[in-house]
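Read through the structure below, which is laid out as structure tokens, and then see the notes.
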Amino acid sequence: QVQLVESGGGLVQPGESLRLSCAASGSIVSGNIMGWYRQAPGQQRELVATMTSGGFTNYPGSGEGRFTISRNNAKNTVYLQMNSLKPEDTAVYYCYCRQGDSAYWGQGTQVTVSS
């Protein structure tokens, strides 16, 4: 089993930045994929960004250019730097880890962008 704990969410104004962190513990194996999803009220959960342990990144679209994913493999931690935040970025952000056929999720951290 893998446990994921997110931190760094909060309330910010449009145009500001936030950095989310997710620490993984438990049965971590090399070659996994870690990343971030988000879910706004009334909407489906959507992929924000993923990163392999080898450094390959994937940004499907919603945050490309404003969001940057990074990870520290030695600390089993993944980060999401979010810049120029918009009200439409308001959502619960979930940390994600996939190892082989198993997927793990964090509890989520709320990000609210509002003036």
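The values are calculated or read from the model by the stated rules, or taken from the named source; none is laboratory data. The structure displayed is predicted, hence computed values, not measured ones. Here the Cβ is made from the backbone with ideal geometry for all residues, glycine too, and neighbour counts use every protein chain on show. Note: accessible area is taken over every heavy atom of the protein model, side chains too, but ligands, DNA and RNA are not part of it. Shrake-Rupley method; radii C 1.70, N 1.55, O 1.52, S 1.80 Å.
Results, tabulated for the structure shown:
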{"quantity": "Whole-Å semi-axes of the chain's equivalent ellipsoid (Cα gyration tensor)", "calculated": "23, 14, 13"}
{"quantity": "Neighbour net charge for Ser84 - beta-carbon separation under 11 angstrom, K R +1, D E -1", "calculated": "0"}
{"quantity": "Cysteines without a disulfide-compatible partner [the chain; Cβ-Cβ under 4.7 Å]", "calculated": "Cys97"}
{"quantity": "Heavy-atom accessible area per residue - region 23-115, 1.4 Å, Å²", "calculated": "51"}
{"quantity": "Net charge dipole size for the chain [Lys, Arg +1 and Asp, Glu -1 on Cβ; Debye, nearest 20]", "calculated": "180"}
{"quantity": "In Hz, Karplus ³J(HN,Hα) per residue of region 16-31 (6.51, -1.76, 1.60; θ = phi - 60°; x = Gly, Pro)", "calculated": "7, 10, 9, 10, 8, 10, 9, 9, 9, 9, x, 8, 7, 10, 6, x"}
{"quantity": "Solvent-accessible area, 1.4 Å probe, carbon plus sulfur percent, for region 17-95", "calculated": "46"}
{"quantity": "Furthest towards positive pole of dipole, Ser21, Gly106, Asn72, structure part the chain, Cβ charges", "calculated": "Asn72"}
{"quantity": "Mean projection area, nm², convex hull over Cα of region 1-53", "calculated": "4.9"}
